[in-house]
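Have a look at the structure below before the remarks.
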Amino acid sequence: VQASLERMMKCGVGICGSCCVGEDLVCKDGTVFDGDHLISNKEFGHF
């Protein structure tokens, strides 16, 4: 299972950190993530 994440992206290149989910930057590392990876992410599902 894969999921496409959507976050507010200010810079789009990983400099500002506004799109981070745990240690992942949605703009650089995503936007599609493997489900197993997301389950292990402590911030996924919490706002």
So for the range 4-26 (the condition being loosely packed, with under 14 Cβ neighbours inside 10 Å, of a type in the set (Gly, Ala, Ser) and in contact with a helix residue (DSSP H, G or I) (Cβ under 6 Å, 6 or more places away or on another chain)), does at least one residue qualify?
yes
Every residue in the range 4-37 that is of a type in the set (A, V, I, L, M) and either at pLDDT below 90 or within 10 Å of the chain's Cα centre (by Cα) (or both), please.
LEU5, MET8, MET9, VAL13, VAL21, LEU25, VAL26, VAL32
Within the range 23-47, the count of residues that are in contact with a Leu (Cβ under 9 Å, 6 or more places away or on another chain) and in contact (Cβ under 8 Å) with a residue 12 or more places away in the chain comes to 8
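The values are calculated or read from the model by the stated rules, or taken from the named source; none is laboratory data. Worth saying up front: this structure is predicted, and the values here are computed from it rather than measured. Ideal geometry is used to build each Cβ from the backbone, glycine not excepted, and the neighbour counts take in all protein chains shown.
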